[in-house]
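Structure record follows, encoded as structure tokens.
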Amino acid sequence: GRAGGAAGAAGAAAYRAAARGSERGAAGDDAAASALRVTRTGGGYEISFAAPAGVSARTGVFDASGRCVARLGGAGTGPTTSGASRATGATLRTVRWNGHDTSGAPLARGVYFVRVEAGGSVKAAKLVHLGN
């Protein structure tokens, strides 16, 4: 119905807002926050991406209205799960999200968006949260 269409439009708008700026990276800066992948695990989600070595990364989870519901740490400036790529100088990093908001409360099932900023580049991916 009409409510579903409005929610879909709001989700699409939130995704565009989360992804906005992905063109900001300089030519050849494709390694920054590239290959964004979200994987469901037993305890939540793993968010993996490549970013230039020595560059800090910021990762957040946003709801369909575009509000940041969780800031995720652990992406730092170095690899968290594997080493650097010699071809690009990028490191593969993985942060984990347990499905809770920043205050620690579990979030409702639904569509969320993961946004990663690193090295002047922004990438976003849709995440369907199935609950804990």
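Every read-out reported here was derived from the displayed coordinates using simple, explicitly stated rules and does not represent laboratory data. No experiment lies behind these values; they were computed from the predicted model shown. Glycine also receives a Cβ, built like all others from the backbone with ideal geometry; neighbour counts cover every protein chain displayed.
Amide H to amide H under 5 Å from Ala53: which residues, 5+ apart in sequence or cross-chain, H placed 1.01 Å off N in plane?
Under 5 Å from the amide H of Ala53 lie the amide H atoms of Ala90, Thr91, each far enough along the sequence or on another chain.
What net charge do the residues around Leu127 carry, taking every other residue with its C-beta under 12 Å from that of Leu127, with Lys and Arg at +1 and Asp and Glu at -1?
Residues close to Leu127 contribute a combined charge of +3.
Can you give the FRET efficiency for Thr39 and Ala105, using 1/(1 + (r/R0)^6), R0 = 25 Å, r = Cβ-Cβ distance, to the nearest 0.05?
0.60
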